[in-house]
1. Taking the Cα centroid of the stretch B:5-35 and of the stretch B:253-332, what is the distance between the two, rounded to the nearest whole Å?
2. If you restrict to DSSP beta bridges whose two residues both lie in chain B, what percentage is antiparallel, to the nearest 5?
3. So, with +1 on the Cβ of K and R and -1 on the Cβ of D and E, and no other charges, what is the size of the charge dipole of chain A about its Cα centre, to the nearest 20 debye?
4. Just tell me how shielded B:59-70 is by partners: mean number of partner chain Cβ atoms within 10 Å of each residue's Cβ, no decimals.
5. Given R₀ = 60 Å, what would the calculated FRET efficiency be for A:Y89 paired with A:R496, taking r from the Cβ atoms and rounding to 0.05?
6. Per-residue counts of other Cβ atoms within 10 Å, averaged by peptide: what ranking do you get for A:292-302, B:15-25, B:287-297, highest first?
7. Along the charge dipole of the protein assembly as shown, which of B:L354, A:V108, A:N226 sits closest to the positive end, that is, farthest toward it, with unit charges on the beta carbon of Lys, Arg, Asp and Glu (+1, +1, -1, -1)?
8. Can you compute the charge dipole magnitude of the protein assembly as shown about its Cα centre, using +1 on each Lys and Arg Cβ and -1 on each Asp and Glu Cβ, nothing else charged? Give it in debye, rounded to the nearest 20.
Amino acid sequence: MTDVSRWPFSTVLVANRGEIAVRVLRTVQKLGLKGAVVFHAADRNAPAVRMADHAIEITGSTPVAAYLDGAQILAAAKSCGAGAIHPGYGFLSENTGFARAVESAGLVFIGPKPEQIELMGDKVRARNFVEKGGFPVAPSAIEDDGPATFVERSRTVGTPLLIKPSAGGGGKGMRIVRDLSVLEAEIERARSEGQRYFGDGRLYCERYIENPRHIEVQVLGDSHGNVVHVFERECSVQRRFQKIVEETPSPALTPELRAQICETAAGIARSAGYRGAGTVEFIFGPSGEFYFLEMNTRLQVEHPVTEEITGKDLVLEQLRIAAGEPLGYAQGDVSAQGHAIEFRIYAEDPGRGYTPTTGPILALRPPQGDGIRWDSGVVQGGEVTAAFDPMIAKLIVRGTNRNDAIARAEKALAETVLLGCKTNTAFLRRLVVHPAFVAGDVHTGFLDANPQIAADPPMPNGTLQALLAAASLSTRPMRDAADCVPDLHAAIGEWRN
Amino acid sequence: MKRIESKLNTASAEFQANAAHNRRLAEEFRERQRKARDDRPQRDIDRLRSQKKLLVRERIALLLDPGTPFLEFSSLAANDAYDGEVPGAACVTGIGIVSGRECVINAGDASVKGGAWYPLTVKKTVRALDIAIENRLPVVHLCDSAGGFLPLQADLFADKYMAGRIFRNQCILSKMGVQQVSVVLGHCTAGGAYVPGLSDYNVIVRGTGAIFLAGPPLVKAATGEENTVDELGGCDMHTTTSGTADYPASSEEEAIAIARDIVAQFKRPQKTHTEWQTPEDPYYDGADLYGILPRDIKQQFDMKEVIARLVDGSRFHEYQPAYGTTLICGYAHIWGYKIGILGNNGVLFNDSSLKGAHFIELCNQNRTPILFLQNITGFMVGREYERRGITKDGAKMIMAVSCSEVPKFTVMCHGSFGAGNYGMSGRAFDSRMLFSWPQSQTSVMGAEQAANVLADVKIRQLAKSGRTLSQADIDAIRDPVLGEFKRKQSAYYTTSEIWDDGMLDPVDTRNALGISISAALNTPIGDPRYGVFRL
Amino acid sequence: MQHAFKLGEAEHNVALSRAREAYCLHVGDSLVPIDLKTSPDGRTWLTVGTRHVEVVIATRGDEVFVHLDGEAHALRYRHPLERLAAQAGGGANDLIRAPMPGSIVSVNVKAGDTVSKGQTLLVMESMKMETTLVAPRDGAVAEVQYEKGQTFERDAILLKLEAAAGEGA
């Protein structure tokens, strides 16, 4: 058991919500530390709020705005005596200003040094840094001060190419160009989107790999200069550049390639003197070539799959590192067993273009059993609204090998009961048994190329009848109408003389 | 109660011959019924469709609860009247379940002469409302009628039990606290306007429904005023301005759904308590009835065998098994309800008449409803029986039947002749329901006998004037009388004239009785009281 | 069979009746014996014909959510009276009549305007009391019969809406 008695903080404030707030608090409290959380009124009944030792209400013009209000969050931390702030993912987790403010206030920011956030947050700077370090990057063009020359330099990158906002992330504002004739128009559009989403219209573009795979590597670095990698994750199953399924190990990698990619990631982190937990993302081509994509200087949504195969608690490692402890283990001590897959449960309708859905959570029965992990921020009785991101839970499945994990996943998805708000569980169930997925034959365009997986399959007649039966017997006017028929006439039934 | 032991040999030639005969009669009955219910000239159907109207049975199907029985009355009313052009007397009546409540349904059949009221239509409607009154059953009227059939107005307008009685019955139902809903699906003109007018609730369909004491042509003729149907008595005027109609509906389907919702608001009646146990199907096969009933009306059969096919578990508690054996009396259950049964096994003698009267008294004391299974040629005649007081004994039985407070049900199984009809609770004796089997015959005496009597009179008359007659002459006098008698004693004639509440395929009798008994228990059973029994 | 459930885009007519054993579902031309029972361990079991299958059911208002064979489904109940009224559209809802004699204070719409249910059409005055007349349904104004200041009798047609094309489902 970790000895936290000499740590510089005894209370950790989680500046986040939903499943990640629960996840972080779980480790915090398991260590014997106090856990605090901020919450907007919309999250008043959230599980994290009930779990926490301190819960401080924050306000904002919108719920999201509250969680982006660094000043309020800092004040909340101070008010409850929190010595450290864990930012989770999203929101302020990669906000250099916030990290700096936390440290200036004398609190511990559970994450990397602010300058590391700043470096990796700027996609252009990050790319240059990595390239200078001798690590592989995709052919690209960076926009210096010359929008005009940018178009020309982009042309030299060759098609297909991808235009990205420098300040962007999370897949927003990216455009693929296959035909140079539309290059200039697409650049203009990407610029205005970048301005709109991130307040920054600067762009860069790079060579686009057709049917790429998205492979990322988890790294950990302490404040004593030690950096290790904790293996890779494959996150190729995406829609609109957002991940849906992540797994480890990647079925696309040979042991040699695995070692190569993971060492490259560790090397990048080392060269930045990286402190904390981070993820280096690569784009992986069909012939085994890979290029640096970006580095996320925070804990990722999909961290649980790494935890499942290594036995490591990554939040615990974050806290230890933030407390100043050395890692205490070398690369050779890090080992993995088995296979793990994570499924993001979204409140959305895959059959209708993945439009977000809302509704009350009238019944929730997560799957249970060996090798099943359910990380969620919603409970039965709660409500899914349009106020927040539609991801409501993660199902993580572990198996002795990939097929075992797939079998477990299919069963667990079938057993997952979530009623009142439409989710993508049925879609995930179809996906996980799709022959291409089972063969490990996926890439980031896989779902777009196979729209039939998302589409609602035709309903078997037996199912329709069963649904109508269940619904009829659960609907008062129908039930009452049937029940009030006297016994005699019910027994005689539909008879005519 | 022990099970009746059947003594039938279902393999015997006699049984098989009877069965073939009676099955054929049943099939004929079903076919005639089907025709009367469904066969209509295509142009009449087309006309209704073009008026956006549903057929009466489509309306009833929407009205009744799914998966429930409908006991239709007098489906073959008027089958031997008006040249057979008014099947079912242009209306459909019966007992059905609406929103869980037992209701009398009174529906005009606009596919027959526009739903016009013939004299037998009026009689059938009055009878349906009498059933509602006697059994305290709420009524749903599905109104769609062209009005009274003028050429026969003398037979449907003025007398006590003619058209006025419909409206009088509606008022009495209301006075009794028994609810009525009318659904106006066509024109309710003149007298017909009073059906919705006298109903506690009514629904009217926009466009096709109308209520007025006189339609636009009559109004124009009377006062010169011009109106459209809607202006004069349509849905919107009556539901917003005059308040004559309660609920507007945009379609027949909506109107009927509203009517169902209205009935769902009715307080359910408190059922009279009567002995009841969990129902049990008869031990013997109901289809055996076809083989039990003889082909010849004069031939006897054992009524116990009939009882065994009607009652729960075929179990029967016989009263006075050794005395008055030409009348079977005893207790049984039908669909769980305890009932007393009187069934004929021959002519009524002194002892059987006394037994019958006594048993009826026992049933009244016990508050047990009574079922009469008729197969009776009459009371025994002759000097010995008169000296023993057969007239008095028959009178006692008739007194007991007439004064009986418990509900009575009668089934004409075979023959029903002479005063035996009375003693066994014939039509005049207020049975809540009375049904006829296809082969049954009802008349003052058998056809052969009557024909002989009448021919005899004629022959003697002619003999007085000196004429002697050959056999052919005698036949020429006798045969038309015989034919006329046979026609008017048949079940089809009985049902045409609405002397019964409908013909039944014998195998349907058990369900019909179960439904009838249940309906009858909405009325309290009074204490027994009788007139003077001539002892 | 005027009850219905909406499942996705389709509406399915159903009826439910009691049977000797449990219940019967009337759907299409079929009659299917059905039942819903809770076992002592709290699980819910649906019987459809000869099939017994575990289900989880949750309801809210007219919505019924069912977890069956590993998938969640959502149905919406449509009450017969609601369905049949919606099917009709038009009729009395086309004419806006004066509830009492009076005069027009203001007319808020004109012919051709699209209006939504509850939207103010005109304001009238009678016996020193102002009454607002609103649209009984979504639709379009066909004609306005009166102007500000004009007087009328009770039941006068003040405004006409375009006949509604009957609602699909």
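1. 19 Å
2. Values: 27 of 66 bridges.
Given both bridge residues lie in chain B, the antiparallel proportion sits at roughly 40 percent.
3. Details: 52 positive and 59 negative charges, 105 e Å.
Approximately 500 debye in magnitude.
4. Numbers: counts 0, 0, 1, 3, 0, 1, 11, 15, 18, 12, 10, 5.
Per residue, the average neighbour count from other chains is 6.
5. Numbers: r = 68 Å, r/R0 = 1.13.
Computed FRET efficiency for A:Y89 and A:R496 comes out at 0.30.
6. Values: A:292-302: 23.7, B:15-25: 16.5, B:287-297: 19.8.
In decreasing order of mean packing, A:292-302, B:15-25, B:287-297 become A:292-302, B:287-297, B:15-25.
7. Final value for the positive-end residue is B:L354.
8. Working: 131 positive and 144 negative charges, 615 e Å.
Rounded to the nearest 20 debye, it is 2960 debye.
Every number in this text was worked out from the coordinates using simple rules, so none of it is lab data. Bear in mind that the values here come from a model prediction, so they are computed numbers and not experimental data. A quick note on method: Cβ atoms are made from the backbone with ideal geometry, for glycine too, and the neighbour counts reach across all protein chains shown.
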